[in-house]
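As structure tokens, the structure follows; a few thoughts come after it.
The values are calculated or read from the model by the stated rules, or taken from the named source; none is laboratory data. Here the structure is a predicted model, which means the values were calculated and not measured. Ligands, DNA and RNA are stripped out before the accessible areas are found, and what is left, the full protein with its side chains, is counted by its heavy atoms. Shrake-Rupley method; radii C 1.70, N 1.55, O 1.52, S 1.80 Å.
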Amino acid sequence: MSEPRVNEIMKLENQLCFPLYAAARQVTALYTPYLKELGLTYTQYIVFLVLWENDGIPVGELGRRLYLDNGTLTPLLKKLESSGYLTRSRDTADERVVTVALTDEGRALQSKAAHIPEAIGSCIHLSEQEARDLYRILYQLLKGEQ
């Protein structure tokens, strides 16, 4: 590969990863003031989003849904458990499987967070079609589809 070609492909502006990274950071930062009121981090919030939809799921399934490994998820779940928002229990049929379930406090948090999606949506200036297209493309990337 010629030197000018190497220089061109190595520019930050030519890296697909950078605008994805920067946009993800910007969007995540929009959540901070709303989540701070609830005492949550963004990662804790997305855990709740899954649990409000599917309460009582195995940790492995939760990790798959969130694209998080056990090393990230376990300390986060322990903290939410110690805060009284959820419980973790081993499956009686298979001790290796840990199931996560919301407590009453964890379920009650949903109504306190219900305004967040609309508030964030109003801060992201895309048309409905652009938002749908972006959503489709990002999930296409996540799923490794071509």
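Remark: relative contact order (segment 29-146) = 24 percent; criterion is Cα-Cα distance under 8 angstrom and separation of 6 or more residues. Counting only protein chain heavy atoms and rolling a 1.4 Å probe, the accessible areas of Ser89, Ser82 rank, largest first, as Ser82, Ser89. Note on the chain: with neighbouring protein chains present and a 1.4 Å probe, carbon and sulfur make up 55 percent of its accessible heavy-atom surface.
Per residue, the convex hull spanned by the Cα atoms of the chain amounts to 171 cubic angstrom. Here the mean projected area of the convex hull built on the C-alpha positions of segment 1-82 is 7.8 nm².
Using a Gaussian network model of the chain in which every pair of alpha carbons under 10 angstrom is joined by a spring, one finds that among Arg96, Arg107, Arg25 the greatest mean-square fluctuation is at Arg96. Evaluate the Debye formula for segment 86-146 with equal point scatterers sitting on the alpha carbons, no solvent, and hand back log10 of I(q)/I(0) at q = 0.17 Å⁻¹, in q order, two decimals. Summing over Cα pairs of segment 86-146 leads to -0.86.
Among Val100, Val47, Val27, the residue with the largest mean-square fluctuation in a Gaussian network model of the chain, with springs joining Cα atoms closer than 10 Å, is Val27. 3J(HN,Hα) along segment 16-23: 5, 4, 5, x, 5, 4, 5, 5 Hz, from the Karplus curve 6.51 cos²θ - 1.76 cosθ + 1.60 with θ = phi - 60°, whole Hz, x for Gly and Pro. The alpha carbons of segment 52-109 occupy a box of 28, 25, 21 Å along the principal axes, longest dimension given first. Solvent-accessible surface of the chain, taken per residue with a 1.4 Å probe and all protein chains present: 70 Å². Close amide H pairs (under 5 Å, H built 1.01 Å from N) link Ile57 with Val100, residues at least 5 positions away or on another chain.
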